[in-house]
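Peer 1: Have a look at the structure that comes next, please.
The values are calculated or read from the model by the stated rules, or taken from the named source; none is laboratory data. Note that this is a predicted model, so its numbers are computed, not measured. Neighbour counts are summed over all protein chains in view; Cβ atoms, including those assigned to glycine, are modelled from backbone coordinates with ideal geometry. Protein only, heavy atoms only, side chains kept; ligands, DNA and RNA dropped before computing areas. Shrake-Rupley method; radii C 1.70, N 1.55, O 1.52, S 1.80 Å.
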Amino acid sequence: MGDPTLSNQRNQSAPATPRLNLPSRMSDSSFHLENVPSRSMHINRLLNSSYNSSPSRTIYSDSLLRAALFGPDTPDKKDPLGPPASRNIFRYKTETKRPLHSLSPFGLDESVPGISHSPVKAPRKVPRSPYKVLDAPALQDDFYLNLVDWSSNNVLAVGLGNCVYLWNACSSKVTKLCDLGIDDSVCSVGWAQRGTHLAVGTSNGKVQIWDASRCRRVRTMEGHRLRVGALAWSSSLLSSGSRDKSIIQRDIRAQDDFASKLSSHKSEVCGLKWSYDNRELASGGNDNKLFVWNQHSTQPVLKYCDHTAAVKAIAWSPHLHGLLASGGGTADRCIRFWNTTTNTHLSCMDTGSQVCNLVWSKNVNELVSTHGYSQNQIIVWRYPTMSKLATLTGHTYRVLYLAISPDGQTIVTGAGDETLRFWNVFPSPKSQNTDSEIGATSLGRTTIR
């Protein structure tokens, strides 16, 4: 295989670019409750599908009046959709906005006593279409893997078959970081919190550390007997979760391959996340359990057994110490919230679909969930009300992969339909209280090759 190149935007009338010979799918496919293959859909490559973007919601006067009278959280009764956008082009509808206070029944009459004339903020609008789509051939449709991560230096790492590719979000340059060979495959990728080190978990149970700035492997660490599907960094400490049911704690500064092994899960470990203060590690497994560990424990300090399916989706709040969110698989479909400081189960939201990933916004008190069976959707939630700000669709397979940009405004989602989709969902810290729509220049579809 040659080095990857980035293909140009194709318009609607142009013929589809033939796919190159890229990494094949893993031959030792696993069959789990959360991982039932549906390959009949794979014949219809998304490359030649229609992408119908939904324009932003049309604002009607009754909606504005309701918002002006009762506040921006009042739900609309209908969500009319405009005509479909052009194929493979992601455009945004531009609307002429009027100040909300101009629609108030009190108008701007300063003589009315006791009436505040401060403008009422409209609910923030989230674009319903991705602003960029990357083809990602050989992106696995496997619930238990974690193949996409976004670095603090704005570089996206993607595991495709037995290779890892890097996509620079600033320059759109694509680099093939490594090729594990025909006898191994990539099961997880994870960037260190700072710097250019990337951890790669493999199907052979090894963890490789790469210096992405020099495309050089720094070391290979052993300890697991089976594939490594989950990785989480805490400064120089790297945690790895495996199908062998164990979690290994590794200090990459030390000569030894690992410092300790945690063995409380009874099935594959598929979710790992360190808290923002690096004091607590949350782990989720195919045993439907959610455990919380501290930096030195060899047994969980907290055990949560409320989920009824595999727990892959785990996210710590950046806004409140000890606030943890977790999501369950197909038989569960729920997002649960926990206070690990008081050991309290706070709330539960049934989403109606398999929960694959969760991530909090660092700019506002909101979070995103991605889903699989049966709706393959992406949902933006306001916390703690858990009201839906947006439901984003477009993926035709389960949305198994999710990462957030370093500025906290953009998410990228990946699926077994072999696409990566980029969405502007969160505001910048400075614009979080405005009523303007988040948007980016409409960009075309390109390919990681």
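Peer 1: With Asn343, Asn294 as the choices, which residue is of a type in the set (S, T, N, Q) and at positive phi?
Peer 2: Every option except Asn343 fails the conditions.
Peer 1: Okay, next question. Is there any pair linking a residue in region 412-423 that is touching a residue at least 60 places away in the same chain (Cβ under 8 Å) and under 15 Å from Gly161 (Cβ atoms) to one that is in a strand (DSSP E or B) and among the acidic types (Asp, Glu), with Cβ under 7 Å and at least six apart or on different chains, and which?
Peer 2: Taking only residues 6 or more apart or on different chains, the pairs are Glu418/Asp135.
Peer 1: Considering only region 344-365, state which residues are in contact with a Leu (Cβ under 7 Å, 6 or more places away or on another chain) and part of a strand (DSSP E or B).
Peer 2: Cys356, Asn357, Leu358, Val359, Trp360 - these are the residues of region 344-365 that are in contact with a Leu (Cβ under 7 Å, 6 or more places away or on another chain) and part of a strand (DSSP E or B).
Peer 1: Another one. Taking the stated definitions as given, is Leu177 closer than 19 Å to His224 by Cβ and aliphatic (A, V, I, L, M)?
Peer 2: no
Peer 1: Going through Arg217, Arg243 one at a time, which residue ends up being farther than 21 Å from Ile411 by Cβ, buried (at least 19 other Cβ atoms within 10 Å of the Cβ) and either within 24 Å of the chain's Cα centre (by Cα) or modelled with pLDDT of 95 or more (or both)?
Peer 2: Arg243
Peer 1: Can you tell me which residue among Ser129, Ser111 is modelled with pLDDT of 60 or more and among the polar types (S, T, N, Q)?
Peer 2: Just a single option satisfies the conditions, and that option is Ser129.
Peer 1: Which is of a type outside the set (S, T, N, Q), open to solvent by 20 Å² or more (accessible area, probe 1.4 Å), within 16 Å of Trp150 (Cα to Cα) and in a loop (DSSP other than H, G, I, E, B), of Pro406, Pro384?
Peer 2: Residue meeting the stated conditions: Pro406.
Peer 1: Residues being more than 22 Å from the chain's Cα centre (by Cα) and of a type outside the set (Lys, Arg): count how many of those fall in region 221-240.
Peer 2: Within region 221-240, residues that are more than 22 Å from the chain's Cα centre (by Cα) and of a type outside the set (Lys, Arg) number 7.
Peer 1: If you don't mind, another one. Kindly indicate whether Asp287 is of a type in the set (Asp, Glu), in a loop (DSSP other than H, G, I, E, B) and closer than 22 Å to Arg250 by Cβ.
Peer 2: no
Peer 1: A follow-up question, please. I'm checking my understanding of the structure. Among residues of region 277-305 that are among the hydroxyl-bearing types (Ser, Thr, Tyr) and modelled with pLDDT under 95, which one is surrounded by the most Cβ atoms within 10 Å (Cβ to Cβ)?
Peer 2: Top of the filtered list is Ser297.
Peer 1: Right, something else. Could you check region 387-403 and list, in sequence order, the residues that are part of a loop (DSSP other than H, G, I, E, B), among the hydroxyl-bearing types (Ser, Thr, Tyr) and open to solvent by less than 20 Å² (accessible area, probe 1.4 Å)?
Peer 2: Tyr397
Peer 1: Name the single residue, out of those in region 146-160 being open to solvent by less than 10 Å² (accessible area, probe 1.4 Å), hydrophobic (A, V, I, L, M, F, W, C) and in contact (Cβ under 8 Å) with a residue 60 or more places away in the chain, that is farthest from Arg398 (Cα to Cα).
Peer 2: Leu156
Peer 1: Next up: Are any residues in region 318-331 open to solvent by 10 Å² or more (accessible area, probe 1.4 Å) and more than 16 Å from Gly271 (Cα to Cα), and if so, which ones?
Peer 2: Those that are open to solvent by 10 Å² or more (accessible area, probe 1.4 Å) and more than 16 Å from Gly271 (Cα to Cα): Pro318, His319, Leu320, His321, Ala331.
Peer 1: Pull up region 320-341, narrow it to residues that are under 17 Å from Phe291 (Cβ atoms) and assigned to a loop (DSSP other than H, G, I, E, B), then point me to the one that is nearest to the chain's Cα centre (by Cα).
Peer 2: Going through the qualifying residues, I end up with Gly329.
Peer 1: Now, a different point. Which pairs have Cβ atoms under 9 Å, sit 6 or more apart or on different chains, and link a residue in region 164-175 that is among the charged types (D, E, K, R) to one that is open to solvent by 50 Å² or more (accessible area, probe 1.4 Å)?
Peer 2: Note: pairs meeting the criteria are Lys173/Leu6.
Peer 1: Going residue by residue through region 258-266, is there one that turns out to be in a loop (DSSP other than H, G, I, E, B), open to solvent by less than 40 Å² (accessible area, probe 1.4 Å) and over 18 Å from Asn204 (Cα atoms)?
Peer 2: Within region 258-266, one or more residues are in a loop (DSSP other than H, G, I, E, B), open to solvent by less than 40 Å² (accessible area, probe 1.4 Å) and over 18 Å from Asn204 (Cα atoms).
Peer 1: Could you figure out which of (1) among the β-branched types (Val, Ile, Thr); (2) touching a helix residue (DSSP H, G or I) at 6+ places or on another chain (Cβ under 9 Å); (3) at pLDDT 95 or above isn't true of Thr447?
Peer 2: Status for Thr447: all satisfied but (3).
Peer 1: I'd like the full set of residues that are in contact (Cβ under 8 Å) with a residue 60 or more places away in the chain, within 17 Å of Ile314 (Cβ to Cβ) and of a type in the set (Gly, Ala, Ser), limited to region 367-406.
Peer 2: Gly372, Ala403, listed by residue number.
Peer 1: Return the residues of region 176-214 that are open to solvent by 40 Å² or more (accessible area, probe 1.4 Å) and free of Cβ contacts under 8 Å to residues at least 60 places away in the same chain; say none if nothing qualifies.
Peer 2: Residues satisfying the conditions are Ile182, Asp183, Gln193, Arg194, Thr196, His197, Asn204, Lys206, Ser213, Arg214.
Peer 1: Only one of these is more than 17 Å from the chain's Cα centre (by Cα) and over 15 Å from Cys356 (Cβ atoms): Ser267, Ser317. Name it.
Peer 2: Ser267
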